[in-house]
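Reading through the structure tokens given below for one structure.
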Amino acid sequence: MASLPWFAENAFKPLNDHLKELVFNYPQLILDHFSIVKGTPFAVPLDPSIQMLFYRKDIFQDSMVKRMFYEKHKQELKPPVIFEEYNRIAQFFSEDFSTANMELQGTCVTTGNTEIIASEFLLRYYAESGSLFQSNNKIGLDKDKALKAFKTYFDSLNQALNLSANWWDALLNLSKEMWL
């Protein structure tokens, strides 16, 4: 969605009249960034992007690492399913796990761009079964789910390596350096 202005006119047809009506219910700021290009609506701004979470399988299978995690948390170390688990594992690698052979950062996050920050939040909000459309067909957030999503996002920020970059490429380049 964030790159829509660069390719919309060449890749998409303008929205039909029925969808135009739906789009114009959004705040103008969202429309200007995620829907309208040169006055023409091309997209309904439901999500600014998707997220993918990667982990190093070799570390999750390391018997010493697994034992250290179990001793601290009384749980098996395995890829997380919910964000509370994700944060616990990230904190373990960031604060608790360090050997002479390996220094690890539990997680990284890019915070220099509003679209990326929105993506990070929405990923967590949707994981709570949140929806942007409420029962009255208006756009809004479920307060309880949004607060839980913000909490897991802020908890993650507290233990993450924060990169004040404009896009994920800085994070990917850093990850590539760490993994080689």
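Listed values, structure above:
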read-out: Placed amide H near Gly112: partners under 5 Å, 5+ positions off or other chain; value: Ala165
read-out: Inter-site label distance for Asn166 and Met64 at 7 Å from Cα along Cβ, in nm; value: 4.2 nm
read-out: Two-site label geometry, Trp6 and Lys143: point separation in nm, points 7 Å out along Cα→Cβ; value: 4.0 nm
read-out: Efficiency of FRET between Lys78 and Phe54 - r from beta-carbon atoms, R0 22 angstrom, step 0.05; value: 0.90
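Read-outs: derived from the displayed coordinates by stated rules, not from any lab. As the structure is a prediction and not an experimental result, all values here were calculated from the model. All Cβ positions, glycine included, derive from the backbone under ideal geometry; neighbour counts span all protein chains shown.
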